[in-house]
Amino acid sequence: MIQFAGVHKWFNQLHVLNDINLRITPGEVLVVCGPSGSGKSTLIRTINQLEPIDKGKLVVDGMDLLDKKTDINKLRAEIGFVFQQFNLYPHLSVLGNITLAPLKIRKMPKKEAEEQAMTLLARVGLAEKRDAYPSQLSGGQQQRVAIARALAMKPKIMLFDEPTSALDPEMIGEVLAVMQGLAGTGITMVVVTHEMGFAREVAHRVAFMDHGVVLEEAKPEEFFRNPQHERAQQFLKQLLSPMH
Amino acid sequence: MLTYQFDWSVVTSGKYFEWLVSGFMVTLKLSVVGIILAFIVGLLIAVMRMSHFRPVRWFALAYLEFFRNTPLLVQIFFWYFGSYKILPQAVNDWLNSTNFEFAAAVIALTIYTSAFIAEDIRSGVLSIPKEQMEAARSAGFSYLRSMQYIILPQAVRITVPPLVNQFLNLAKNSSLAMTIGVMELTYQARQVESYTFKGFEAFTAATIVYLVLSTSITALVHLYDKRVLNPSRAV
């Protein structure tokens, strides 16, 4: 579904992605973790070309991202993206946020788009918030609406870029629960997160990044029990007991 | 010792009152048509000014600098006395059979004001967080569609106060149309003064009407803002 082959990216002098080789199969849930500045957010943002790559080959859903003939807008419509800061459209109601892209891009009839939105809102537990505006919602609620907004396009791939990092601790669970409900439904998920409990329970595979390099790829049980790379060991130790 | 005899009846009834009313109707028409057109053209120029395509951006920049930095009166004279000279005869005949003064005044007011509106909207767009564009592009919207559905609606909402200023400027500037013979409010007040020598009454009446017009525009835009544009904004 997603294939990186020898992918490089630079921000001026900074080598943010260094020879990335990754293969993500349909329906798989991949968690990408690593210290801040390791390039994991950049990695996930290359998949829908929010960040273009400089070198290598990146094929998403059969489309080559470096091929000039690839219609990036069409590809993006198949990929849901969930941001750390939610990025809901503040001028639209919850319903408006969820129906905008289906109405304008998929040309879905209004009634159908609204029914679908209500189904999705029920799924994320926010049916009663349909007429609220983003500024009237808590962070956790906004992020759940953002997930519903992405799902409204019936994407084949969902990308999550630190979806719980901006949330108060008591709201993290409600968002992770929605994401857990998505895993295993056939949708391909790439999740950048520090939530190791989520990685352990939901991920099919964990990739550990540092300094723009994928240092380790493993099944979660192997990764957490017996991380191979020294920096992965350090990282996990830090997460488990941040005081040391 | 004041010897001037006030006679307010001149402007509150009869023929001269009707002149003022008809002048007001023309001013109202100039203002409403001008505001609508200037807003649309201003939006277009603002988008062109931010285009990634260089010639389009340069055209918008030239437009802005040209029309912001020349006097409105000269622009009005240009459209009225200058523009038609380079048009074919057939077009001129048609123009003369229509209300060309009015059209020239609308064109001048629209273009002049649109340059200011475009800059206000552009600064509104620049103040929208770049993540909004990212969210829109991620959903599959093209750059222009993102502008249309996500960025501009937000930019216009926060641009309301400067936009009201531009709308008021346009309404007040419409008085310059009298110089090319558009029979708007100032023109009619001048007429009343010429016929009656009651300049104080005539221009006091005109002043009051302009005041009412301006405060009405402000109130209408704010009402629209509250009811339609920003129903969620805590007041």
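Flag: A:ALA199 does not match the condition of being assigned to a helix (DSSP H, G or I), open to solvent by 20 Å² or more (accessible area, probe 1.4 Å) and either of a type outside the set (Asp, Glu) or over 26 Å from A:LEU50 (Cα atoms) (or both).
Tell me yes or no: at least one residue of the stretch A:24-31 is more than 26 Å from B:ALA136 (Cβ to Cβ), buried (at least 21 other Cβ atoms within 10 Å of the Cβ) and in contact with a Phe, Trp or Tyr (Cβ under 9 Å, 6 or more places away or on another chain). Scanning the stretch A:24-31, I find at least one residue that is more than 26 Å from B:ALA136 (Cβ to Cβ), buried (at least 21 other Cβ atoms within 10 Å of the Cβ) and in contact with a Phe, Trp or Tyr (Cβ under 9 Å, 6 or more places away or on another chain), so the answer is yes.
Close contacts from the stretch B:128-153, counting a first residue that is crowded, with 20+ Cβ neighbours inside 10 Å and a second that is outside any helix (DSSP H, G or I), with Cβ to Cβ under 6 Å and a gap of 6+ residues or different chains, come to B:ALA135/A:ASN87; B:SER138/A:ASN48; B:SER138/A:PHE81; B:GLY140/A:ILE105; B:ILE150/A:TYR89; B:ILE151/B:ILE128. Does A:LEU103 satisfy being surrounded by 21 or more Cβ atoms within 10 Å (Cβ to Cβ) and not hydroxyl-bearing (Ser, Thr, Tyr)? For A:LEU103, the condition - surrounded by 21 or more Cβ atoms within 10 Å (Cβ to Cβ) and not hydroxyl-bearing (Ser, Thr, Tyr) - is not met. Scanning the stretch A:1-34 for residues that are of a type outside the set (Val, Ile, Thr) and within 17 Å of the chain's Cα centre (by Cα) yields a count of 11. Of the residues contained in the stretch A:172-186, one or more are found to be within 17 Å of A:LEU239 (Cα to Cα) and open to solvent by 10 Å² or more (accessible area, probe 1.4 Å). Taking the conditions exactly as written (touching a Gly at 6+ places or on another chain (Cβ under 6 Å), of a type in the set (A, V, I, L, M), on the phi < 0 side of the Ramachandran plot and not in a loop (DSSP other than H, G, I, E, B)), does A:MET189 satisfy them or not? No: the conditions fail for A:MET189. Taking the criterion of being of a type outside the set (A, V, I, L, M, F, W, C) and not in a helix (DSSP H, G or I), the residues of the stretch B:128-140 that qualify are B:PRO129, B:GLY140. Contact annotation: no residue pair with Cβ atoms under 8 Å, 6 or more positions apart or on different chains, pairs a residue in the stretch B:210-235 that is under 21 Å from A:LEU92 (Cβ atoms) and modelled with pLDDT of 95 or more with a partner that is of a type in the set (Gly, Ala, Ser) and open to solvent by 40 Å² or more (accessible area, probe 1.4 Å). Taken over the stretch B:168-202, the criterion of being part of a helix (DSSP H, G or I), among the hydrophobic types (A, V, I, L, M, F, W, C) and more than 14 Å from B:THR27 (Cβ to Cβ) is satisfied by B:ILE180, B:VAL192, B:PHE200, B:ALA202.
If only residues of the stretch B:58-105 that are not in a helix (DSSP H, G or I) and not hydroxyl-bearing (Ser, Thr, Tyr) are counted, the one that is farthest from B:VAL32 (Cα to Cα) is B:PRO88.
Would you point out which residue out of A:ALA146, A:ALA166 is within 14 Å of chain B (Cβ to nearest Cβ), in a helix (DSSP H, G or I) and aliphatic (A, V, I, L, M)? Just one listed residue meets the conditions, A:ALA146. Being open to solvent by less than 10 Å² (accessible area, probe 1.4 Å), more than 12 Å from chain B (Cβ to nearest Cβ) and in contact (Cβ under 8 Å) with a residue 12 or more places away in the chain holds for only one residue in A:GLY125, A:GLY140, and it is A:GLY140. Here A:PHE208 meets each of (1) within 14 Å of A:PRO35 (Cβ to Cβ); (2) assigned to a helix (DSSP H, G or I) with one exception, condition (2). Within the stretch A:87-114, residues that are more than 10 Å from every other protein chain (Cβ to nearest Cβ) and over 17 Å from A:VAL145 (Cα atoms) sit with their Cβ atoms under 7 Å from residues that are open to solvent by 20 Å² or more (accessible area, probe 1.4 Å) and of a type in the set (A, V, I, L, M, F, W, C), at 6+ positions apart or across chains, in these pairs: A:LYS110/A:LEU103. Number of residues in the stretch A:169-186 that are outside any helix (DSSP H, G or I) and under 21 Å from A:GLU217 (Cβ atoms) equals 2. Can you say whether A:GLY96 is of a type in the set (Gly, Ala, Ser), within 17 Å of B:ARG137 (Cβ to Cβ) and at pLDDT 95 or above, as far as the supplied structure shows? No, not satisfied. Answer yes or no as to whether B:LEU163 is within 14 Å of chain A (Cβ to nearest Cβ) and part of a helix (DSSP H, G or I). Considered against the rule, which asks whether it is within 14 Å of chain A (Cβ to nearest Cβ) and part of a helix (DSSP H, G or I), B:LEU163 comes out as no.
Out of A:LEU75, A:LEU50, A:LEU66, A:LEU14, which single residue is under 25 Å from A:ASN97 (Cβ atoms) and open to solvent by 10 Å² or more (accessible area, probe 1.4 Å)? Exactly one of A:LEU75, A:LEU50, A:LEU66, A:LEU14 is under 25 Å from A:ASN97 (Cβ atoms) and open to solvent by 10 Å² or more (accessible area, probe 1.4 Å), namely A:LEU50.
The C-beta contact set for the stretch A:68-81 (first residue facing chain B (nearest Cβ under 7 Å) and under 17 Å from A:ALA152 (Cβ atoms), second residue surrounded by 16 or more Cβ atoms within 10 Å (Cβ to Cβ) and β-branched (Val, Ile, Thr), distance under 9 angstrom, 6+ apart or interchain) comprises A:ASN73/A:ILE105; A:ALA77/A:ILE105; A:PHE81/A:ILE44; A:PHE81/A:ILE47.
Among the residues making up the stretch B:107-127, those that are open to solvent by 20 Å² or more (accessible area, probe 1.4 Å) and either among the aliphatic types (A, V, I, L, M) or in a helix (DSSP H, G or I) (or both) are B:ILE107, B:ILE111, B:TYR112, B:PHE116, B:GLU119, B:ASP120, B:ARG122, B:SER123, B:LEU126.
The values are calculated or read from the model by the stated rules, or taken from the named source; none is laboratory data. Here the structure is a predicted model, which means the values were calculated and not measured. Virtual Cβ from ideal backbone geometry, glycine too; neighbours counted across all protein chains shown. What goes into the accessible areas is simple: the full protein's heavy atoms, side chains included, and nothing from ligands, DNA or RNA. Shrake-Rupley method; radii C 1.70, N 1.55, O 1.52, S 1.80 Å.
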